[in-house]
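The values are calculated or read from the model by the stated rules, or taken from the named source; none is laboratory data. Everything numeric in this text was worked out from a predicted model, so none of it was measured. Here the Cβ positions follow ideal geometry from the backbone for every residue, glycine too, while neighbour counts run over all protein chains shown. Quick note on the areas: whole protein, heavy atoms, side chains included, nothing else; ligands and nucleic acids left out. Shrake-Rupley method; radii C 1.70, N 1.55, O 1.52, S 1.80 Å.
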Amino acid sequence: MSEINENLTPESVQQEALAEIGKAQSASELSEVYNAFLSKKGKLSQLMAMMGKLAKEEKAKFGKAVNEAKQAITEAFAKKKEESEKKELSERLSKEKIDISLPGYDFGVGHINPYYQVIDEVTDVFVSMGYEVIGGTEVESDHFNFELLNVPKDHPSRDMQDTFYLGNVEKLLRTQTSAAQAHTMLEKEVKTPIKMISPGKVYRRDDDDMTHSHQFAQIEGLVVDKKVSLSDLKGTLELFAKKMFGEKREIRLRSSYFPFTEPSVEVDVSCFNCGGKGCAICKGSGWIEILGAGMVNPKVLSDCGYDPNEWSGFAFGVGVERVAMLRYGIDDIRRFYQNDVRFLKDFKGE
Ligand code: PHE
C-alpha cells in the first residue's frame, strides 16, 4: 500500500493554499491560512513528514515539489500580508483623523512666586543702571554682620532674642544683607568705585505672624565713589520707585538711624493705590515706607579700607516681601513660603 495520501500532494496543497490566500480578507483570516499551511502542524509540514516514508527514487522528486510549493505559498502569503497590513493601516488612519479644531488640554503651567518676581524686577532696574549683582552667604560671622557695620556690642539686635546664633556668639545667620557691604569693600585689593546690589535671605528671631517671618529677603545696595552725595541717593531711589511703582510716584526721605549710615533715612513712596490722597493701603497718610538707606558711615568706610577723606558712598536695603505685599495686595507674609498653588496662580507676572 502506498504511503502517499492521494489527497495531499504538493500540487494540490499549493493550489489550495493560493486560493485561500487569495480569498483571505483580514489579518485573522490570513493567520488561519498560515496555521493551515505554513505552521508546524500545517499541510506543508505534513507533506514533509510523508517524505520519510517514500522510496529513495521518489524522495528527490517529491522533495523538490514540496519545496517549490512551500516557496510559492510563502511568497504569496508575504505579499498578501503586506497588502492587507497596508489596507488596514490606511483604513485606521482615515478613521482616526485628528480634529485639529478641538481645544487642547490645559497642562497647568507653573508660575514664579511673587517673592522671586520682585527680586528679579528690582535686580533688572539696578542692573539697567549699571549695578553689579553680588552674592553672599547666609551663615555669617559677628565681625561682618555687626562689627564692621559699626553695630555696637550692646546694640539690641545682637541680643540672643533677636539673632540666631550657631553654636557660639561668633557664628550666626545674617540678620541683614548689609554684611555684603563690608565683604564687597574689603575684597577690593585695589580700592576702586563700587556699584552693587546683593539680594538674599536674612534671619531674625521673630515669631511668625501676618507681617513677621523669622526668614525673609532683602536687597542691599551700595555705591562708593569720589564725591557721592545724598542727592545721588535720592535721585537713584526716585528712579527705582518710578520704575517699580509707576512714573507718577514721588519719594520722600525721613530722618532715621542705622549704625552703618550717617545720615540715615527711611524712604517713603507716594501711595500707588490712591496717588497720595489717603487710603487703606497707606493708612490714610498718602505715603508708604519702602526701605532704609543713608550715606555710608565714614567709620565703616575706613574699617573696610576706603579712606573717608577720599571716598564717600550711599547704601540702601529693600525688604522684598514688603514690596511684594504692597505691590500685589498680599495680606499675609507667610503666603510666600507655603507653596500653595492657588496663591501662586494669582501671580502670573508679565
Ligand atoms: N540693614 C538695614 C535693615 O535691615 C537696612 C539698611 C540697609 C539701612 C542699608 C541702611 C542702609 O533694616
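A few points about this structure:
- Taking residues in the stretch 197-209 that are basic (Lys, Arg), and partners anywhere that are open to solvent by 30 Å² or more (accessible area, probe 1.4 Å), the pairs with Cβ atoms closer than 7 Å and at least 6 places apart or on different chains are LYS201/GLU138; LYS201/GLN215; ARG204/ASP162; ARG204/HIS214; ARG205/GLN161; ARG205/ASP162; ARG205/PHE164; ARG205/HIS214.
- For MET210, the stated conditions do not hold, so it cannot be described as surrounded by 20 or more Cβ atoms within 10 Å (Cβ to Cβ) and either part of a loop (DSSP other than H, G, I, E, B) or in contact with a Ser or Thr (Cβ under 8 Å, 6 or more places away or on another chain) (or both).
- Residue match in the stretch 230-241 (condition: under 20 Å from THR123 (Cβ atoms), free of Cβ contacts under 8 Å to residues at least 40 places away in the same chain, more than 16 Å from the ligand (Cβ to nearest atom) and out of contact with any helix residue (DSSP H, G or I) (no Cβ under 9 Å at 6 or more places or on another chain)): yes
- One residue stands out in the stretch 315-332 among those that are buried (at least 22 other Cβ atoms within 10 Å of the Cβ) and β-branched (Val, Ile, Thr): the one that is farthest from SER178 (Cα to Cα), namely VAL323.
Residues are listed down the side, and each one gets a yes or a no for (1) touching a strand residue (DSSP E or B) at 6+ places or on another chain (Cβ under 8 Å); (2) aliphatic (A, V, I, L, M); (3) open to solvent by 10 Å² or more (accessible area, probe 1.4 Å):
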residue: PRO263; (1), (2), (3): yes, no, yes
residue: LYS277; (1), (2), (3): no, no, yes
residue: GLY284; (1), (2), (3): no, no, yes
residue: ALA293; (1), (2), (3): yes, yes, no
residue: ASP303; (1), (2), (3): no, no, yes
residue: ASP307; (1), (2), (3): no, no, yes
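- Within the stretch 252-281, residues that are touching a residue at least 60 places away in the same chain (Cβ under 8 Å) reach partners that are within 14 Å of the ligand (Cβ to nearest atom) and part of a loop (DSSP other than H, G, I, E, B) with beta carbons closer than 8 Å, at six or more positions or on different chains, in the pairs PRO259/ASN150; PRO259/VAL151; PRO259/HIS155; PRO259/ASN297; PHE260/ASN150; PHE260/VAL151; PHE260/SER178; PHE260/ASN297.
- Taken across the stretch 289-302, residues that are without any contact (Cβ under 8 Å) to a residue 12 or more places away in the chain, more than 16 Å from the ligand (Cβ to nearest atom) and out of contact with any Ser or Thr (no Cβ under 9 Å at 6 or more places or on another chain) do occur, with at least one present.
- Scoring GLU220 on the criteria (1) in a strand (DSSP E or B); (2) in contact (Cβ under 8 Å) with a residue 24 or more places away in the chain; (3) surrounded by fewer than 19 Cβ atoms within 10 Å (Cβ to Cβ) leaves a single failure, condition (3).
- No other residue among VAL151, VAL223 is closer than 24 Å to TRP311 by Cα, modelled with pLDDT under 95 and of a type in the set (A, V, I, L, M, F, W, C) apart from VAL151.
- Any chance PHE126 is under 17 Å from ARG204 (Cα atoms) and open to solvent by less than 70 Å² (accessible area, probe 1.4 Å): no
- Check on TYR165, among the hydroxyl-bearing types (Ser, Thr, Tyr), open to solvent by 60 Å² or more (accessible area, probe 1.4 Å) and free of Cβ contacts under 8 Å to residues at least 12 places away in the same chain: no
- Complete set of residues in the stretch 170-206 that are within 15 Å of the ligand (Cβ to nearest atom) and part of a strand (DSSP E or B): LEU172, LEU173, ILE194, LYS195, MET196, ILE197, SER198, PRO199, GLY200, LYS201, VAL202, TYR203
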